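Down below is the structure, laid out as structure tokens.
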Amino acid sequence: MNEVMAGMDLHRNNVVCGLVDQEGRRLVEKRLPCELDRIVHWLEPYRKRLKRIAVESTYNWYWLVDGLQEQDFDVVLANPARIVQYSGLKHADDTSDAFFLAQLLRLNILSTGHIYDRKLRPVRDLLRRRLLLVRQATAHKLSFKSLYARTTGQTLGLSQLERLTLEEGAKLFGSAAEQLIAREQLRLVGELKQSILAIEKSVVGVVKDWASYRWLQSVPGVGKILGLTIALETGPIERFAGAGDYASYCRCVQSRRLSHGKVKGANNGKNGNRYLAWAWVEAAQYARRYYGPCRRFFDRKAAQVNGALASKALACKLAKAA
């Protein structure tokens, strides 16, 4: 039986599907709405011959990959950052992109991404929302401190701000408008804090018994929140061939293009996981403050380059150690 491969170019409200056979001949293509039942119905006549499906990794791939896997289709996630078509193409569109994915899949040279465990994915995304709430709370605190400095000429410490009640905060200002701003910002900070604590409690309940989470606590600079973030964002460590690959995924290595020992430019420095990049730099900042060997390593690097690069170098060391 002549096997076929499928490529899917996914968009916000539609997906373009293309099928090729073992010889690379284009068999059929179709633009379908983002409705799982319609897509499965279209694939059903080819199920016995269909070996594998490549889905482009866009922001909205969850529903499609999960749904196709539930229907017992073999699905891989195409990594668009590592898929570059010939730059001299005269014409390219969604159909050619879908067939291109199918051709790479047929030739077994398609660069794929990791399909995160479906049950743990919502927990990981919940922790990402915590980071968003923390940033929002910080923005409100800084805004409050700025308003106080503008109207009084004095500074307000963070610990003082966090102890203020709504009425105490309002009394710091003279006008009714400023008092209303103070009350609302303190109220929002309090509500955000409750939401943050609720998220932390939920995530800890899932991750607390993981061996990887416990081991991460032994890495200098890694506490509860960073440990949760690193454990969930990393996933199965076996998917990385070595420590260097993991450090690269954490955006802890330089992105350079060299030729004959000379720098000719930079490659894609955003390849990797931005949440892990943030977490390991945060761990490096804590480690250099409270752990002697890390402080000495940071000082040596900072004397050679600068503080930002020294922090990144320390983060790389910690990621490799983990």
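The values are calculated or read from the model by the stated rules, or taken from the named source; none is laboratory data. Note that the coordinates shown come from a computational prediction; the quantities given were computed from them, not determined experimentally. Note: ideal-geometry Cβ built from the backbone for every residue, glycine included; neighbour counts use all protein chains shown.
Some values worked out for this structure:
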item	result
Residue that is surrounded by the fewest Cβ atoms within 10 Å (Cβ to Cβ), among those in the stretch 13-41 that are part of a helix (DSSP H, G or I), of a type outside the set (Asp, Glu) and out of contact with any strand residue (DSSP E or B) (no Cβ under 6 Å at 6 or more places or on another chain)	41
Listing of helices (runs of 4 or more DSSP H) fully contained in the stretch 268-322 that carry 3 or more residues being in contact (Cβ under 8 Å) with a residue 12 or more places away in the chain, more than 29 Å from residue 114 (Cα to Cα) and more than 19 Å from the chain's Cα centre (by Cα)	274-290, 292-304
Failed criterion for residue 132 (all others in (1) buried (at least 18 other Cβ atoms within 10 Å of the Cβ); (2) closer than 22 Å to residue 276 by Cβ hold)	(1)
Failed criterion for residue 58 (all others in (1) of a type in the set (Ser, Thr, Tyr); (2) in a helix (DSSP H, G or I); (3) in contact (Cβ under 8 Å) with a residue 12 or more places away in the chain hold)	(2)
Those helices (runs of 4 or more DSSP H) lying entirely in the stretch 107-226 with at least 2 residues within 22 Å of the chain's Cα centre (by Cα) and not assigned by TED's automatic domain parsing to the domain that holds residue 249	121-152, 176-207, 211-216
